[in-house]
Amino acid sequence: NMERVIYLAGGCFWGVEGYFKRLKGVIDTTVGYANGNIKNPTYTQVKTHVATHAETVKIVYDDTIISLTKLLEHFLRIINPYELNHQGEDFGIQYRTGIYYLSLDELKIIKNYIDEQNDDIDELFKGNML
């Protein structure tokens, strides 16, 4: 059992979490805020843009059952990375797209996957180390 963690931001975190928690190999999910200007922001601070965070889902997964590449495939199936600062009916910087990783090995996998998909979206997923 190889537990790994990846953080995905793609619009309202409840929708993203609901989708990923049903996938085989996903052990745990938690919603929160990442990639912002202050520590431990409140919902109100994020909503009013006092805090600059993105709504993010922490995904703990077993990479012997589901690979990071597979998770990214699912991610791009449910979000549109071309929508800047919104997803579907949700608008605001907190709904921006992001992939936040913990190791450079993961960055390599993420970059390879995205390069295969489309060079244009590379810009949107500039690495963000947590």
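For the range 20-88, the ratio of Cα radius of gyration to the globular rule of thumb 2.2 N^0.38 Å stands at 1.28. Put a plus charge on the Cβ of each Lys and Arg, a minus charge on the Cβ of each Asp and Glu, and nothing anywhere else: the dipole of the chain about its Cα centre is then about 420 debye. Gyration tensor over the Cα atoms of the chain: the corresponding equivalent ellipsoid has semi-axes (square roots of 5 times the eigenvalues, largest first) of 22, 17, 14 Å. Between 0 and 90 degrees, the angle of helix 68-78 with respect to the longest Cα principal axis of the chain falls at about 50 degrees.
Any chance you could give the angle, 0 to 90 degrees and rounded to 10, that helix 104-117 forms with the longest Cα principal axis of the chain? Value to nearest ten degrees: 90.
Shown in residue order for the range 45-52 are the 3J(HN,Hα) couplings computed by the Karplus curve 6.51 cos²θ - 1.76 cosθ + 1.60 at θ = phi - 60°: 4, 6, 4, 8, 6, 5, 9, 9 Hz (x for Gly and Pro).
The Lys47 and Asn112 beta-carbon pair, evaluated with R₀ = 25 Å, returns a calculated FRET efficiency of approximately 0.10.
Legend: distances between Cα atoms for Lys24/Lys58; Lys47/Lys111; Lys39/Lys108; Lys47/Lys108; pairs beyond 26 Å are Lys47/Lys111; Lys39/Lys108; Lys47/Lys108.
Only the coordinates and a few stated rules stand behind these numbers; no lab work does. What you see is a predicted model; the values in this text were computed from it and never measured. Every residue, glycine as well, gets a Cβ built from its backbone with ideal geometry; the counts of neighbours run over all protein chains shown.
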